[in-house]
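Below you'll find the structure, written out as structure tokens, and then a few comments.
Read-outs throughout are calculated quantities, based only on the coordinates presented, and are distinct from any laboratory measurement. Treat the numbers as computed from the prediction; the structure is a model and nothing was measured. Here the Cβ is made from the backbone with ideal geometry for all residues, glycine too, and neighbour counts use every protein chain on show.
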């Protein structure tokens, strides 16, 4: 009875806060009040970048204080923000801000304001505002990049719509303005956009670029490597005119346009080798200097193209605006000695690739087409704009993919000779980029819900009303789910952060 009453109370609080969507809660996920009172939340860990790690696995294996026994008791706190965060947040545990220790959530709005909030209270601790924000605020010139924390935990790196990457002190939000900082990664930020989350590998910040809605030329998707210490650009790799090894000035000086690098999980770093994986969108392909609609493996320093996989229907994808690069490769754990990855796209299929034989051969980059190991439909055969999560459990490899038609779990089967993807379970609820934390699968449905599943079985434990959104995805730390909501394409200058927490915590 107490558990049922508590569940009803939680539902009432959620419905009052969100309105349109109806909560669904498994009663077994709602603890008694006495159990809640005894609940101890473990210290928050660090969630330093989009999808948790450099390879973009989307998996935090550490305890979060939330499980199938209590996640149904989550309550919603809403925090108003001076902008829309159409991406995900990051978090650092126990860092000094203005001389006091905080668990700090950091996020960047679509117009480049980077905010640090206290995880417990939601209070804004500092705010960095680009000096030229008035020149583009309210316009279509935006960023949807997630910031990344320096391994020393003293700095974060963030993007702004003027094409710059900023180095900010965690303790104050103050911008480093020495050496090469801030760094411009394009000569035309009105055509070349920073949409993808920033990443770090070795001594470098990794940045990739794309174009704006409508693909107005000219632009060339490119990867930029920035030395974290000096701010010097150490490498540029261009997906078009790839024989040119610096920022193309101006972009129209290259006769080809597009090949955007815009997947939510770009760029992914291969464990062990440090090689960089990206996928490109619509653009010309010639197998020598132009690499539209291809999966590309770059050297760890970002200077050299090592290999490519280009689908046999590349020309059709390009002509029909069916970007392969609407998502980026999801790297799997080694399977029977094979290094595999999964690539989605707008075509409504998932391709299983062998990273040692991307095009079916061990040769270098070329005009060869095809060579995938397996191909299966995406959820509902719909376009994939999200980053899959990859999870190993009891000897099985799971790949979780969300799109507008549903959320599916796939497993890798077939052994070393014929690896393939099989559907393990299906949910008809769509989602953005899923994450696993503390053994639960969290999926944000941008129509206005936070869904939580048991990842091995697909049992949906709870579905909680949330704000509506676009690319947004959650992180889970210290007994809380941190979910920015809102759509960058609304061009709003205010926004909302949804924080789900247990009562009394």
Hull surface over four for the Cα convex hull of region 233-289, reported in nm², is 4.8
Would you mind computing, in nm to one decimal, how far apart the modelled labels at residue 304 and residue 362 are, each placed 7 Å from Cα along Cα→Cβ?
-> 1.7
Computed log₁₀ I(q)/I(0) - Debye formula, equal Cα scatterers, no solvent, region 319-385, q 0.25 Å⁻¹ | -1.14
Final fewest-first order of 410, 157 on the 10 Å Cβ neighbour count is 410, 157
Taking every eigenvalue of the Cα gyration tensor of region 65-164, multiplying by 5 and rooting it, what semi-axes result, largest first, whole Å?
-> 26, 17, 12
Label-point separation (nm) for residue 273 and residue 178, each offset 7 Å from Cα along Cα-to-Cβ?
-> 3.8
Taking every Cα atom in the chain, find the radius of gyration and the maximum pairwise distance Dmax, and write them in Å.
-> 21.7, 71
Area projected by the alpha carbon convex hull of region 362-505, averaged over all directions, nm² = 11.9
State the Cα centre-to-centre distance between region 388-429 and region 250-271 in whole Å.
-> 27
Using a basic spin-label model with each label point 7 Å from the Cα along Cα→Cβ, how many nm lie between residue 320 and residue 494?
-> 4.4
Between 0 and 90°, nearest 10: helix 2-18 axis offset from the chain longest Cα axis = 50
Relative to the present Cα-Cα distance, how much length would full extension add between residue 98 and residue 127 at 0.36 nm per residue of separation?
-> 9.2 nm
Radius of gyration and Dmax over the Cα atoms of region 275-424, both given in Å = 14.5, 44
Arrange 187, 128 by Cβ neighbour counts within 10 Å, fewest through most, would you?
-> 187, 128
Going by average Cβ neighbours within 10 Å, how do the peptides 392-405, 74-87 rank, with the highest at the top?
-> 74-87, 392-405
If you find the alpha carbon centre of region 459-494 and of region 336-384, how far apart are they in angstrom?
-> 30
Once you sort the root eigenvalues of the Cα gyration tensor of region 376-440 as a ≥ b ≥ c, which label holds: rounded (a/c under 1.5), prolate (a/b larger than b/c) or oblate (the other case)?
-> oblate
Final fewest-first order of 155, 500 on the 10 Å Cβ neighbour count is 155, 500
